[in-house]
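The values are calculated or read from the model by the stated rules, or taken from the named source; none is laboratory data. For clarity, every value in this text was computed on a predicted model and none was experimentally measured. Counting neighbours? That spans all protein chains shown, and the Cβs are built from the backbone with ideal geometry, glycine included. Ligands, DNA and RNA are excluded from the accessible area calculation, which covers all protein heavy atoms including side chains. Shrake-Rupley method; radii C 1.70, N 1.55, O 1.52, S 1.80 Å.
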Amino acid sequence: RYAMPLKNGNLLADPQVKWCLYDWGRGFQSDVDLADGVVDAAAWLPAYDDRTQCVLKFAQPVTFSRVVFYSPTIKTAELDIMVNGQWQTLHKWPEQYRNEFSYQGEAVTTDQLRIRPTANRQGYGSWCYPEITELGIFR
């Protein structure tokens, strides 16, 4: 199941990297779908949770320089990392017309990362909740 994402270097597909959405012990079956290599099936769809942010927590700090996520519903978003107990914005995606959101920058280390949708797409086929169908975090 994780062969391709792991081969491509996605830290979320690495069994040695322990992570969760929001809080430890609150996992859903769909959480692992964030890193299954399928970009057109629901993974983070917060119908009953905090719709303002997708928070990933790592058991041990991870170092990364690239983040890629796919969303058919998010139009603009921000990428934040936890630094000394405070969220720090690493990148802002302005109005996107593609489903792929990509960031490449200097390597950073953190134990928490979040994607904050700031606007959703409107119109034909749009959904009322932000959704992330695939997420990759790379060294």
Counting only residues that are at pLDDT 90 or above, more than 14 Å from the chain's Cα centre (by Cα) and not polar (S, T, N, Q), segment 16-48 contains a total of 2
The one condition A47 fails out of (1) within 13 Å of I115 (Cα to Cα); (2) in contact with a Phe, Trp or Tyr (Cβ under 8 Å, 6 or more places away or on another chain) is (1)
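May I ask you to list the residues in segment 78-120 that are touching an Asp or Glu at 6+ places or on another chain (Cβ under 8 Å), free of Cβ contacts under 8 Å to residues at least 60 places away in the same chain and among the charged types (D, E, K, R)? Please lay out each step first, then the result.
First, the residues of segment 78-120 that are touching an Asp or Glu at 6+ places or on another chain (Cβ under 8 Å): 82, 87-93, 113-116, 118-119.
Still in the running and free of Cβ contacts under 8 Å to residues at least 60 places away in the same chain: 82, 87-93, 113, 118-119.
Selection gives K92 alone.
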The number of residues in segment 94-106 that are within 10 Å of S71 (Cβ to Cβ) and either at pLDDT 95 or above or under 14 Å from the mean Cα position of the chain (by Cα) (or both) is 3
Considering only strands (runs of 3 or more DSSP E) wholly within segment 1-95, the ones with at least 3 residues that are aromatic (F, W, Y) and surrounded by 19 or more Cβ atoms within 10 Å (Cβ to Cβ) are 54-70
In segment 96-106, residues that are under 23 Å from Y129 (Cα atoms), of a type outside the set (G, A, S) and assigned to a strand (DSSP E or B) total 3
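Mind listing just one residue for me: the one in segment 96-108 that is among the small types (G, A, S) and open to solvent by 50 Å² or more (accessible area, probe 1.4 Å) and, of those, nearest to A35 (Cα to Cα)? Steps first, please.
The first filter runs over segment 96-108 and keeps only residues among the small types (G, A, S), leaving 102, 105, 107.
Still in the running and open to solvent by 50 Å² or more (accessible area, probe 1.4 Å): 102, 107.
Details: S102: 15, A107: 20 Å.
Ranking the qualifying residues of segment 96-108, first place goes to S102.
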Given the conditions (1) part of a strand (DSSP E or B); (2) exposed (fewer than 11 other Cβ atoms within 10 Å of the Cβ), every one holds for I115 apart from (2)
Cβ pairs under 6 Å, 6+ apart or interchain, first in segment 55-71 and in contact (Cβ under 8 Å) with a residue 60 or more places away in the chain, second open to solvent by 50 Å² or more (accessible area, probe 1.4 Å) and of a type in the set (A, V, I, L, M, F, W, C), ordered by first then second residue, are T63/A107; S65/A107; Y70/V39
